[in-house]
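Presented below is the structure to which this report refers.
Read-outs throughout are calculated quantities, based only on the coordinates presented, and are distinct from any laboratory measurement. Quick caveat, the model's predicted, so the values are computed rather than measured. Heads up, the Cβs are rebuilt from the backbone with ideal geometry, glycines too, and the neighbour counts pull from every protein chain shown.
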Amino acid sequence: MAQAYSPGLTVTKSIVLRKDRILPLKGKVLVKKGDRVKAEDVVAETMLPGKVVPFKLSNKLGVPADTLNQYLKMQPGDFIKKGELIAETNGFFGFFKSSVKAPIDGEIESISKITGQMLLREPRIPIQVKAFIDGVVVDVIEEEGVVIENKSAYIQGIFGLSGERSGEIRMLASTPEEIIEPSKIDDSCKDKIIVCGALVSYAVIKKAQKVGVSGIISGGIDDQDLKKLLGYNIGVAITGHEKIGLTIVITEGFGIIKMAKSCFKLLKSFDGHKASIHGITQIRAGVMRPEIIIPIKFTKDELKAEEAKMATLEIGTTIRVIRQPNFGLIGKVTGLPEKLTKVESETMVRILEAELENGEKVTIPRANVEVIED
């Protein structure tokens, strides 16, 4: 079973967040600046054009293309129902008429007098954008969407599956290293975001799906269980569009990896509180991480989002070791020597000194750790 990490996990009990909630094409914004919204509130909506269906009308009717107009019962722009009469010939003395009925529900896009082809468009698809987080609308982009801000406890995950969901946090694991059994999931977990410990197994995921769990948060996941769940291997593309009925957020990586104490402690302190999560992950350019957002009380005066800062190594910074030995252990930086040091591979590298959570004091190449921003 593979084990892997990505650098720069953020765990904080209070942060000002700003979220853009934008439609895929122009539509209608349903809220105004200053409104307080809930995660499940629809803030903007639009209609996506349906699929275009070509239809050879002149052939069906048995007339030349340039004479179609005189036989039409419907015109471009008209909405149609399947089976509705759209064209009919006069026949001879009222007999031997040819008629054509609509093959689909939708609307008539265009009719060509040259080719005799009618373009039909399937019904438009309604698209709604929800707020995703409880917060305040701080900006409205006309016909496009809104910007929402709030104050939240916030955790970034390493890897995730499926899209945006919300629900109450339910702690099922009592320790960061616990591996829960499917029997711990019952009907009381329906619509909840359950927190596991070091691993979420395939059996647990299937039980959660059956019960109607909204989301799962876990330290680790088996990559073979992922393949079993999805039916294919996860590549390096974007995740977040999987249709699995719930959202999964992994905070540490692949394998049996206990959840970071800071992360577990923060989630435990908000047991029973509402949270918003998504599993969207992208590790290429334009990195995107899964997020766990737990709204906390705030006044509008407190909303002042700061620009994101790059993670830095300093004395006291919390780090996690991402190479052997001490793989996966968390500690604090105690020293940052400037002098290059020769390591086992005979390479000259910059190192750091750290005290691990087990009390051991170690010297580690800086490239072998990741910063946990807390």
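Each part reduced to its alpha carbon centroid, the stretch 199-251 and the stretch 78-157 end up 33 Å apart.
The phi-based Karplus calculation (6.51 cos²θ - 1.76 cosθ + 1.60; θ = phi - 60°) puts the 3J(HN,Hα) values of the stretch 114-130 at 9, 9, x, 8, 9, 9, 9, 10, 4, x, 5, 9, x, 10, 10, 10, 8 Hz, whole numbers, x for Gly and Pro. Sorting the segments 192-201, 316-325 by their mean number of nearby beta carbons within 10 angstrom, highest to lowest, gives 192-201, 316-325.
Simple rule: put +1 on each Lys or Arg Cβ and -1 on each Asp or Glu Cβ in the stretch 315-374, find the dipole, and look at V321, G359, I372; the Cα lying farthest toward the positive end is V321. When the GluC sites (Glu not before Pro) in the stretch 155-201 are filtered for DSSP coil states and for at most 16 other beta-carbon atoms within 10 Å of their beta-carbon, the remaining sites are E177.
The distance between label points at S110 and I238 comes to 3.0 nm (points 7 Å beyond Cα on the Cα→Cβ vector). Net length available on complete extension from Y202 to E45 is 52.9 nm, with 0.36 nm assigned per residue and the Cα-Cα distance removed. In terms of surrounding Cβ atoms within a 10 Å radius of their Cβ, H241, H278, H273 rank from fewest to most as H241, H273, H278. Rounded to the nearest angstrom and listed largest first, the equivalent-ellipsoid semi-axes of the stretch 52-121 from its Cα gyration tensor are 19, 14, 9. Across the stretch 10-18, computed HN-Hα scalar couplings (Karplus, 6.51 cos²θ - 1.76 cosθ + 1.60, θ = phi - 60°) run 10, 9, 8, 8, 7, 8, 8, 10, 10 Hz from first to last residue, x flagging Gly and Pro. This ranking places D191, D139 by how few other beta-carbon atoms lie within 10 Å of each, fewest first, which gives D139, D191.
In this structure, the amide hydrogen of V369, modeled 1.01 Å from its nitrogen in the peptide plane, lies closer than 5 angstrom to those of I322, counting only residues at least 5 positions away or on a different chain. Site-free segments of the chain were taken between chymotrypsin sites (Phe, Trp or Tyr not before Pro) in DSSP loops having at most 13 other Cβ atoms within 10 Å, sites themselves excluded; the longest one is 233-374. Which whole-number percent gives the relative contact order of the stretch 72-168, counting Cα pairs below 8 Å spaced six or more residues apart? Relative contact order of the stretch 72-168: 17 percent.
I need the calculated FRET efficiency for the pair E122 and Q209, taking r as the beta carbon distance and R₀ as 22 Å, to the nearest 0.05.
The value I calculate is 0.10.
Counting 0.36 nm for each residue step from I141 to T363 and taking away their Cα separation leaves a gain of 74.8 nm. Among the listed pairs K101/K210; K228/K261; K101/K130, those with a Cα-Cα distance over 32 Å are K101/K210; K101/K130. Short to long, the 5 Å bins of the Cα pair-distance histogram for the stretch 318-373 hold 5, 21, 34, 24, 14, 3, 0 percent of all pairs.
Just want to confirm a number: the relative contact order over the chain, from Cα pairs under 8 angstrom separated by 6+ residues, in percent. Write out the running numbers ahead of the final one.
Numbers: 957 pairs, mean separation 68.6, N = 374.
Contact order relative to length: 18 percent.
The H on the amide N of I127, modeled in the peptide plane, is under 5 Å from the matching H of T46, M47, L48, each at least 5 residues off or on a different chain. With 10 Å bins beginning at zero, the pair-distance distribution over Cα atoms of the stretch 152-202 amounts to 20, 54, 25, 0 %.
A cut-off of 5 Å between modelled amide H atoms, ignoring neighbours fewer than 5 places along the same chain, links T317 with V333. For the pair K33 and E84, label points projected 7 Å from Cα toward Cβ lie 4.2 nm apart. Computed from backbone phi, the HN-Hα couplings of the stretch 187-200 come to 4, 5, 8, 4, 6, 9, 9, 8, 10, 9, x, 8, 7, 10 Hz, rounded to whole numbers (Karplus: 6.51 cos²θ - 1.76 cosθ + 1.60, θ = phi - 60°; Gly and Pro given as x). Measuring nothing but how far apart in sequence close Cα pairs (under 8 Å, 6+ apart) lie, relative to its length, the stretch 72-126 scores a relative contact order of 32 percent. Within the set K192/K332; K38/K192; K206/K243; K28/K190; K32/K81; K38/K184, which residue pairs have Cα atoms separated by over 25 Å? Check vs 25 Å cut-off fails for K192/K332; K28/K190; K32/K81; K38/K184. Within the stretch 1-85, the proportion of Cα pairs with more than 19 Å between them is 69 percent.
Kindly state, to the nearest 0.05, the FRET efficiency for K297 paired with S183, given R0 = 45 Å and r defined as their beta-carbon distance.
Efficiency at R0 = 45 Å is approximately 0.80.
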